[in-house]
Amino acid sequence: MSDLRIRPEKEEQQQLATRQVGGIGYSSQRIRILWITNVPLPEASDLQGRTPSPFGGWLVGAARHLAPSVDLSVASLDRQALHTGTVRSELITHYGFADRGDRQELDSALSEIINIARPDIVHIFGTEYRHARQTAEICAAQGRPFTVSIQGLVSVYSRHYASGLPTNIQRRFTLRDLVRGDSIRCQQEAMRRRGVDEVATLRLSTEIIGRTTWDEACVTQMNPTANYRKCNEILRESFYNGEWNVQNCERYSIFVSQGSYPIKGLHLMLEAMPLILKRFPRAHLFVAGQDVTGGHSLTGRLKLTSYGKHIRELIKENGLADHVSFTGPLDEAAMRERFLKSHVFALPSTIENSPNSLGEAMLLGVPTVAAAVGGVMDMAQPGVDALTYQADAPYMLAHQICRIFSSNHIAEQLGSNARARSRATHDIEGNTAVLIEIYNSILSEANSP
């Protein structure tokens, strides 16, 4: 049996090699890797003349740097996919599949993609959706090696979904919620149900890739026998360039990268704002994404969620109308610009694993205040790379932000330390090499008697 290993492009040997991987034998020039992702890569959307999704951009850099060393295919959950479509760029073959609620149809689409791509290893990114479980089941049935990368963990996130929200807010319904049967409690229950598939996926997996002490603790409790391997992420390319400067920022501006649902903690950030404004009356909060409060239009009001209504009420009750702005959806360039303009990046989430927004802020050297939840402290050393606080204490969030507003020295030191740390955490060449070594190790173990 051939001992074929993935090698970086410069060392790659272009000989043919025959392999027997988990009972599946075939010949190929390079090792075949099939990624299963929750969103199409922007490249795939561009090739089809469609507007790329603003989500999943961190996969782009990882794919770009891995593709020269392997035969890479990417199959993505794509709600616009009418069938198992295929588009090909210079280095990557892209497939799309849809989940319309029919398990058999989804199983057929995933099986077809796997049979066409004939991968040595299937790499599932994320456990949040049921196609991850079905892919794992298909691979297990075929004896085909696969690994699962942890993104978030909805089975655990569901426990923190309504943290900091009054019980009456959790239970109430807006008109939109009544029509959809979708209160905050309903959303929490839906997340818990999705977690059932997630746990099943992880228990099927013998190889799991994570990044933090938090995700290692969670997955090893779900599946103590799996091999847990650590590999940090490569983030969006533009965030490796540019550096925050206190002289060029908008003084007393705070940036929150998401606020559309409770886990992101916008309600806690709004509770902190009156305390900040007492000391810094010019403070202004910028929130990336659509205005969850419904804005001023009738359509927006009709689509208002219970969480959006609560945010609207908090803004009104605390007199924040002139101190809160929703930016609308931001593409990569606009997000980077907003980071660099901000005096502070705040991460008030009630739970996170390793939030890419934190990594991007740190790469640019933006002074950061983050809730000490999940895997956050694996990314930033408290008091050195970021200021942290207890997640259910918005008064401490306010205090830490005011510390940065009060001292250019603190702001600059945090930013400098964050840049240095994040460049090691999100090192492009190093993380690509680690991923390649993980693939080699999986193949080696699959080929062992």
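What is the distance in Å between the Cα centroid of the stretch 139-164 and that of the stretch 226-267?
22
Compactness ratio of the stretch 140-273: Cα Rg over 2.2 N^0.38 Å, N = residue count?
1.38
Loop-only trypsin sites (Lys or Arg not before Pro) in the stretch 27-123, please: DSSP not H, G, I, E or B, and at most 12 other Cβ atoms within 10 Å.
R79, R100
For the chain, with the dipole built from +1 on Lys and Arg beta-carbon atoms and -1 on Asp and Glu ones, taken about the Cα centre, which of N232, G49, S257 lies farthest toward the positive end?
The one lying farthest along the dipole's positive direction is S257.
Using modelled backbone amide H atoms (1.01 Å from N, in-plane), which distant-in-sequence or interchain residues come within less than 5 Å of A391's amide H?
For A391, whose amide H was placed from the backbone, the distant partners under 5 Å are A372.
Taking a ≥ b ≥ c as the square roots of the eigenvalues of the Cα gyration tensor of the stretch 238-425, is the shape rounded (a/c under 1.5), prolate (a/b larger than b/c) or oblate?
prolate
Top mean-square fluctuation among G195, G181, G57, Gaussian network model of the chain, C-alpha springs under 10 Å?
Among G195, G181, G57, the largest mean-square fluctuation in the Gaussian network model of the chain belongs to G181.
Please give the net charge around I315, taking every other residue with its beta carbon less than 13 angstrom from that of I315, where Lys and Arg add +1 and Asp and Glu add -1.
Computed value for this residue: -2.
How much length, in nm to one decimal, is gained on full extension between D322 and A433, taken as 0.36 nm per residue of separation minus their Cα-Cα distance?
That pair, D322 and A433, stretches by 35.1 nm at full extension.
Rounded to the nearest 5, what is the percent of antiparallel bridges among the DSSP beta bridges in the chain?
Roughly 20 percent of the beta bridges in the chain run antiparallel, per DSSP.
Pairs of lysines 8 or more apart, or on different chains, with alpha carbons under 30 Å: count those in the chain, would you?
Pairs that pass both the separation and distance tests number 13.
Only one of the listed values, [x] 1.08; [y] 0.98; [z] 1.06, was derived from the coordinates as Rg/Rh (Cα atoms, Kirkwood Rh); which label is it?
The value matching this structure is [y].
Quick one: in the stretch 326-449, what % of C-alpha pairs are over 25 Å apart?
Here the tail beyond 25 Å accounts for 32 percent of pairs.
Looking at the stretch 63-166 only, what percent of DSSP beta bridges run antiparallel? Nearest 5 please.
30
Looking at the stretch 386-445, which trypsin sites (Lys or Arg not before Pro) are in a loop (DSSP not H, G, I, E or B) and have at most 11 other Cβ atoms within 10 Å?
Within the stretch 386-445, no trypsin sites (Lys or Arg not before Pro) qualify (loop, at most 11 other Cβ atoms within 10 Å).
Need one word for the stretch 395-449: rounded, prolate or oblate. Basis is the Cα gyration tensor (sqrt eigenvalues a ≥ b ≥ c); a/c below 1.5 gives rounded, then a/b vs b/c decides.
prolate
None of the figures in this text is laboratory data; all of them are computed from the coordinates on show. Predicted, not measured: the structure shown is a model, and the values here were computed from it. Please note: Cβ atoms are built from the backbone with ideal geometry, for glycine as well, and neighbour counts cover all protein chains shown.
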